[in-house]
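Undergrad: Below is one structure. I have some questions about it.
The values are calculated or read from the model by the stated rules, or taken from the named source; none is laboratory data. Treat the numbers as computed from the prediction; the structure is a model and nothing was measured. Because the Cβ atoms are built from the backbone with ideal geometry, glycine has one as well, and the counts that use them run over all protein chains shown. For accessibility, only protein heavy atoms count, side chains too; no ligands or nucleic acids. Shrake-Rupley method; radii C 1.70, N 1.55, O 1.52, S 1.80 Å.
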Amino acid sequence: MPVVNSCQVDACAYNDQHTCHALAITVGNSSSHAQCDTFFDADVQGGDPGHVGHVGACKMGDCQHNVQLECQAPAIAVGLQQTQADCLTYAPA
């Protein structure tokens, strides 16, 4: 699974110092938006602090890195696109 190289979405419960600590994230809440579907804001810190997040699934079938809804990029970056936590590595095929 591709590693989440960086996450600039500080408000996410899985983010600690720009590192994602979710075991696996899902990208894409619809076929038209490469949102980090795992993002949520919480008062508690989530994830495993000894683990760097990976992409578990990607719903963006039109991305050049997507093969059978699995990301094939070596790594991704997550950041804000307007007000959404998005996969910044998403590239339409």
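Undergrad: With GLN35, GLN8 as the choices, which residue is open to solvent by less than 50 Å² (accessible area, probe 1.4 Å), closer than 13 Å to GLN84 by Cα, in contact with a strand residue (DSSP E or B) (Cβ under 9 Å, 6 or more places away or on another chain) and not aromatic (Phe, Trp, Tyr)?
TA: After ruling out the rest, the residue left standing is GLN35.
Undergrad: Here's a check for you: in region 38-51, which residue that is open to solvent by less than 40 Å² (accessible area, probe 1.4 Å) and more than 16 Å from CYS71 (Cα to Cα) is farthest from the chain's Cα centre (by Cα)?
TA: ALA42
Undergrad: Would you check if ALA34 is among the small types (Gly, Ala, Ser) and under 9 Å from the mean Cα position of the chain (by Cα)?
TA: Yes.
Undergrad: Then there's this: Checking the structure you have, find out if any residue of region 52-67 is open to solvent by 80 Å² or more (accessible area, probe 1.4 Å) and farther than 23 Å from ALA13 by Cα.
TA: yes
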